[in-house]
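Undergrad: This is the structure I want to talk about, given as C-alpha cells.
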Amino acid sequence: MAAFVLGVLSSILATMILVFVGWMRSSHPRWWLVAIFARLTGTGVHRVYRRQASAEKDLAQELTRARWVRVLTGRGNTLTRDVFTPLWSCSTGRVESVQVLLPDPDAVPGEWLTLRASELEPIDPGFTTELLRNQIRANTSYLASVAANSREVELRRFDLPHLYRVIATDRAAYITFYDRRKHGRHSPCLYVRAPGVLYEAALHFFSTTWAGSQAIPTEQSSDAGAQNN
C-alpha cells in the first residue's frame, strides 16, 4: 500500500511540475510578472513582444476600444491591413480622432530613408531606397483617400530617423524599437499602459513630431496598391 501511495504521489508531483513548467513557458505568466514590475517602477510596461507582428491581434482589440489614436510609423504597411480596417471604416463606433504620421518620401536630401534602406539591404537585397520611397508613397496615397472621406482622420509627413513605431490610444501605447538589421515586423515591441513613464514619453515624442510635420493633401487618390511588408 505504501508503495502504491508513493507511486500516486510521485505521479501527481510530476504532473504538477510539468504543468508549472508549461505555465512558466507560456507568455501569460511572463506578462503578469512584467506587469508587477511595471507597477513597482512606474514604467507602465505590461507586455513585451519579441516581434512586432506578434502584437497585431492585441493591437486590433485595443483599437476597437480607443477614443483616439496616434500613429507614427516607418512605412505604414500595417495601416493598410485588417488590423486598421475597422478604424478606417469607423465600424468601431468609438474613435473620435486619428492622427497619422508617415515619412516624407520626397524629402531632400532624404538621408534618413537612404540610411534605413542601407541597414536592411544586408538581410533583404531587394530592399532599396527607391523601393522604400515607393512603398511609402503607395501607403500615403491609400491613407490620403481614407482621410478625404473621414473627418476624424488627419495625415501628415515627417522627416526624422527611422528609430521607432508608436501607436498610442487614450488607454495604452505599442512602441516598436526598429532593429538596425531587421524589418519592423521582426523588431521588439512594448505594450505600455497609461499612466506610466513610457506612455507619456511616447505621447510626447508623437506630439513633438506632429508639431514639426507637414500636412498631406487629402484630395489625391490611391491608384497604387500598398505593398505588404
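None of the figures in this text is laboratory data; all of them are computed from the coordinates on show. Remember, predicted model here, so these are calculated numbers, not experimental data. Positions of Cβ are generated from backbone atoms using ideal geometry, with glycine treated the same way; all protein chains shown enter the neighbour counts.
Undergrad: Under a point spin-label approximation (7 Å from Cα along Cα-to-Cβ), what is the residue 60-residue 94 distance to one decimal in nm?
TA: Computed distance between label sites residue 60 and residue 94 equals 1.6 nm.
Undergrad: Just report the Cα centroid separation between the range 66-105 and the range 165-207, whole Å.
TA: Answer, in whole Å: 14.
Undergrad: With +1 on the Cβ of every Lys and Arg and -1 on the Cβ of every Asp and Glu, and nothing else charged, how large is the dipole of the range 127-173 about its Cα centre, in debye rounded to the nearest 20?
TA: The dipole of the range 127-173 has a size of about 40 debye.
Undergrad: So, one more: Using only the Cα atoms, work out Rg/Rh for the range 167-209, with Rh taken as the Kirkwood radius, to two decimals.
TA: 1.01
Undergrad: Still on this structure, I have one more. Filter the trypsin sites (Lys or Arg not before Pro) in the range 140-170 to those in DSSP coil with at most 15 other Cβ atoms within 10 Å of their Cβ, and list the result.
TA: 151
Undergrad: How big is the charge dipole of the range 52-104 about its Cα centre, in debye rounded to the nearest 20, if each Lys and Arg gets +1 on its Cβ and each Asp and Glu gets -1 on its Cβ?
TA: Result for the range 52-104 is approximately 100 debye, rounded to the nearest 20.
Undergrad: Another question about this same structure. Rounded, prolate or oblate: which one fits the range 123-213, using the alpha carbon gyration tensor with axes a ≥ b ≥ c (rounded when a/c is under 1.5, else prolate when a/b beats b/c, else oblate)?
TA: Note, shape of the range 123-213 comes out oblate.
Undergrad: Provide the net charge surrounding residue 163, with neighbours chosen by a C-beta distance below 10 Å and charges set as Lys +1, Arg +1, Asp -1, Glu -1.
TA: Taking every other residue near residue 163 into account, the sum is +3.
Undergrad: Suppose the chain between residue 85 and residue 53 were pulled fully straight at 0.36 nm per residue; how much longer would it get relative to their current alpha carbon spacing?
TA: Computed gain between residue 85 and residue 53 is 9.9 nm.
Undergrad: Also: Looking at the range 50-121, what % of the alpha carbon pairs are farther apart than 20 Å?
TA: 41 percent
Undergrad: Ordered by residue, what ³J(HN,Hα) values in Hz, to whole numbers, does the range 132-146 give under the Karplus form 6.51 cos²θ - 1.76 cosθ + 1.60, where θ = phi - 60° and Gly and Pro are x?
TA: Those phi angles translate into 4, 4, 5, 5, 5, 4, 5, 5, 5, 4, 4, 6, 5, 5, 4 Hz.
Undergrad: Here is a further query. Kindly provide the pair-distance distribution of the range 68-175 built from C-alpha pairs, with 10 Å bins from 0 and whole-percent values in order of increasing distance.
TA: The percentages, shortest bin first, are 14, 46, 29, 11, 0.
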